[in-house]
Amino acid sequence: MDKKVNVREIIRRLYTAFPEPKCELHFTTPFELLAATILSAQATDKKVNEITPSLFHTFPTIADYAHASPGEIDRYVNKVLFHNNKSKHIHLAALKIMNEYDGRVPDSMEKLLTLAGVARKTANVILGTVFNKAEGIVVDTHMIRLANKLGLTAHKDPVKIEQDLMKIVPRDKWIDFGHLITLHGRYQCPAKPHDCTECVLDDLCPEYSQWNKVRPL
């Protein structure tokens, strides 16, 4: 099946499982989402959502993060991997936003990529979730694994995967597609061995037929 046709059917079926796909990180302001997304690298959304309420309560504005030291921020985020670097990135991002972007999280890929701790994945999360701008597709660990499993790319590098996906996913679905794949990977198709019986993508997944041959009767 042509990849463009295939990906449209993947999207159609995933909508049946997740009719309203959205980011599962908790936030109330653009900078809170930025901080949460930085923290989510190699950490689960669940863990990030556990620690951010006290962080957000202590630092309610971007200026608060900018005026705090990385060590002060780190007290609230030290339960995630690489928390020292993440605390520094959140602090430096806040400083740059205050000093160069009039205290507002920028709404362009070019400017977001100038912030500490922000690569295309984080920038796409912010642009799609906060500003409803489709400038790319979020490529997280779920996307890396499932885009390869579904035959949508042969690459492991996130930038190359995103380039491949942007060629075959309709642009008006770029934002939702990232959420749909993440939700599918999180709740239906995890990396660990699992039961594929109820998978909405069954015959679209090259691995499904092999699993179906060896599954217990």
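The values are calculated or read from the model by the stated rules, or taken from the named source; none is laboratory data. Small disclaimer: the values here were computed from a predicted structure and weren't measured. Cβ coordinates were reconstructed from backbone atoms using ideal geometry, including for glycine residues, and neighbour counts include every protein chain displayed. What goes into the accessible areas is simple: the full protein's heavy atoms, side chains included, and nothing from ligands, DNA or RNA. Shrake-Rupley method; radii C 1.70, N 1.55, O 1.52, S 1.80 Å.
Here are the numbers for the structure shown:
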item	result
Search result, residues across segment 8-41 that are under 23 Å from K96 (Cβ atoms) and of a type in the set (S, T, N, Q)	T28, T29, T37, S40
Among the residues listed as K96, K79, K111, K86, the single one being free of Cβ contacts under 8 Å to residues at least 60 places away in the same chain, open to solvent by 20 Å² or more (accessible area, probe 1.4 Å) and under 19 Å from the mean Cα position of the chain (by Cα)	K111
Any hit, segment 5-12, residues being touching a residue at least 40 places away in the same chain (Cβ under 8 Å), of a type in the set (D, E) and either in a helix (DSSP H, G or I) or touching a Lys or Arg at 6+ places or on another chain (Cβ under 6 Å) (or both)	yes
Which listed residue, of E20, E50, is without any contact (Cβ under 8 Å) to a residue 40 or more places away in the chain and under 19 Å from L180 (Cα atoms)	E20
Residue list for segment 14-37, filter: assigned to a helix (DSSP H, G or I) and either in contact with an Asp or Glu (Cβ under 9 Å, 6 or more places away or on another chain) or not charged (D, E, K, R) (or both)	L14, Y15, T16, A17, P30, F31, L33, L34, A35, A36, T37
Hey, H155 open to solvent by 10 Å² or more (accessible area, probe 1.4 Å) and not in a helix (DSSP H, G or I) or not	yes
Qualifying residue in segment 170-188 (condition: of a type outside the set (S, T, N, Q), part of a loop (DSSP other than H, G, I, E, B) and buried (at least 16 other Cβ atoms within 10 Å of the Cβ))	no
Selection count where residues are surrounded by fewer than 19 Cβ atoms within 10 Å (Cβ to Cβ) and in a helix (DSSP H, G or I), scope segment 38-55	8
Long-range neighbours under 6 Å by Cβ, at least six apart or interchain, first residue over 16 Å from L150 (Cβ atoms) within segment 170-187, second in a helix (DSSP H, G or I)	I175/G128
Qualifying residue in segment 117-126 (condition: open to solvent by 30 Å² or more (accessible area, probe 1.4 Å) and not in a helix (DSSP H, G or I))	yes
Test: residue in segment 179-190 that is of a type in the set (G, A, S), at pLDDT below 95 and more than 16 Å from K4 (Cβ to Cβ)	no
Subset of segment 158-169 [open to solvent by less than 40 Å² (accessible area, probe 1.4 Å) and of a type in the set (V, I, T)]	I161, I168, V169
Failed criterion for T197 (all others in (1) at pLDDT 95 or above; (2) open to solvent by 20 Å² or more (accessible area, probe 1.4 Å); (3) among the β-branched types (V, I, T) hold)	(1)
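Conditions tested, residue by residue: (1) among the hydrophobic types (A, V, I, L, M, F, W, C); (2) modelled with pLDDT under 95; (3) closer than 18 Å to T122 by Cβ.
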position: R8; (1), (2), (3): no, no, no
position: F27; (1), (2), (3): yes, no, yes
position: T37; (1), (2), (3): no, no, yes
position: A63; (1), (2), (3): yes, no, no
position: K88; (1), (2), (3): no, no, yes
position: A93; (1), (2), (3): yes, no, yes
